1. Could you work out [θ]222 nm for chain B from helices alone, using -39500 (n - 2.57) per DSSP H run of at least four and dividing by all its residues? Round to the nearest 500 deg cm²/dmol.
2. Let me know the shape class of segment B:154-232, please: from the alpha-carbon gyration tensor, a ≥ b ≥ c as square roots of the eigenvalues, rounded when a/c is under 1.5, otherwise prolate if a/b is greater than b/c, or oblate.
3. With a 1.4 Å probe, how much accessible area is buried between chains A and B, both sides summed, in Å² to the nearest hundred?
4. What Kirkwood hydrodynamic radius, in Å, does segment B:91-242 give when the mean of 1/r is taken over all pairs of distinct Cα atoms and then inverted?
5. Considering protein heavy atoms only and a 1.4 Å probe radius, which residues within segment B:27-54 exhibit an accessible-area decrease of no less than 10 Å² in the full assembly relative to the chain by itself?
6. State in Å² the accessible area per residue of segment B:91-242; use a 1.4 Å probe, count heavy atoms of protein chains only, and round to the nearest integer.
7. Over the alpha carbons of segment B:8-146, what is the largest minus smallest coordinate on each principal axis, giving the biggest first in Å?
8. Run through every distinct alpha carbon pair of the protein assembly as shown and return the Kirkwood hydrodynamic radius in angstroms, one decimal place.
Amino acid sequence: MVEENSCVAVYDNHRQAEEAVRCLLAKGFETGKLSIAGKGYQREAHPIGFYNTGDRMKFWGAQGAFWGDLWGLLLGAAFFWVSGLGTVVIAGPLVSALITALEGAAVVGGFSALGAALYSIGIPRDSIVRYETAIRSDHYLLIVHGDQREVAQAHEVLAGGDARDVTIHLS
Amino acid sequence: MNPASAFFEESARCLKQSSLFSGLVASAIEDIVTRCRRETWKRRRQLPMEETWQRFHILLSGRVRLSRSNPESGRMITLFLLGPGEPFCIFSLLDGKAHEVMLETLDDVTLLSLPMSEARLWLDEHPEFNRKLLPYLGEQMCSLAGLASDLALHDTETRLARLILRHVDANTTDQHATPRLINDLSHEFLAEMIGSVRVVVNRQLQHWKQEGIVDAHRGHLEVEALQELARRAEEQPHKALA
């Protein structure tokens, strides 16, 4: 089960998000405690999809290099069509929270499947609305899961970077 | 908090609307919000002050209770019930020490938090805040003095009436009023605010309900006869609020 304490950072673009992931890993944060979510960028000129080669998932699309690298770094990968948001790509333990939310039919009233997954990891409703809006506006969410001390340390690291917003959510 | 954050403006607006921070220039409010980090805590989160006293907190939404308990008897007394715009760990801000108090969130809360050293630095840079802080501290001291004297001098009916009156808008002239912050609390919780127990509070509220003084049912409390409640509190409403 994903720990119900988190530090959520919002980034304007995938380069900033990827840099933040690498920064956290360099500071000793575990890959199993990092998730990232963003909109799979869609244009008619860019077919989008994913496939499996051996033990690695590969992303096929305009941001293939970004998601391919992250899927290599983080545990878990998912690619969903979410009503109201479009294609949403996720890496990390948030994937299992999303699948649990979908399989358990625990989609909370008014939320998308992604919102339900965020709710299941202890993020309150008003923040979820903001995070869904951020995803819709092509921003990226980086989520650090952990105990209170770990998420506070993550905040220290992320607040010093390019994040548009960094919030701690404690259960 | 990054001023570009989607939460920055609403955090600043919440502070501007609070009695403690209202009247400060916008730049002073934006300065403290910039120094803070935003946190959310889930409902029913309990933590001792030893875990929180090194940071200064300002509530943006939801309620927090500060209480003390006796681990042997299990009895609890609520010292403060705080709402949006109110700070906590304020005594630690003043004396730099941890205090034996338990925090509990009554709702999902959103708050701003900053290290004590940053909060003191902000205070040094914005001495005009003291004009708001000192009266606020005076209110807090009065509230504690009121609680101590209520416990020592008054019976349960008077204490409960005074508690409700303290949470009624001082300017209301209507006989009907909805108490602020406490109107949806359980009878057990109300009992812990006046040093009593649930059955006694429940019996008193039922008695007042029959007399038409309050309307109390599960999770909801309304005052129906404010003047009569003030009489039961043995003082005028405005005195009780002082």
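The values are calculated or read from the model by the stated rules, or taken from the named source; none is laboratory data. Keep in mind that this is a model prediction, so the values were computed, not measured. Because the Cβ atoms are built from the backbone with ideal geometry, glycine has one as well, and the counts that use them run over all protein chains shown. What goes into the accessible areas is simple: the full protein's heavy atoms, side chains included, and nothing from ligands, DNA or RNA. Shrake-Rupley method; radii C 1.70, N 1.55, O 1.52, S 1.80 Å.
1. Value at 222 nm, helices only: -13000 deg cm²/dmol.
2. Values: a/c = 1.43, a/b = 1.40, b/c = 1.02.
Rounded is the answer for segment B:154-232, as its axis ratio a/c remains below 1.5.
3. Answer for the A-B pair: about 1600 Å² buried.
4. Result for segment B:91-242, one decimal place: 17.4 Å.
5. Those residues are B:Arg37, B:Arg38, B:Glu39, B:Thr40, B:Trp41, B:Lys42, B:Arg45, B:Glu51.
6. 50 Å²
7. 49, 30, 25
8. After inverting the pairwise mean of 1/r, the radius is 23.7 Å.
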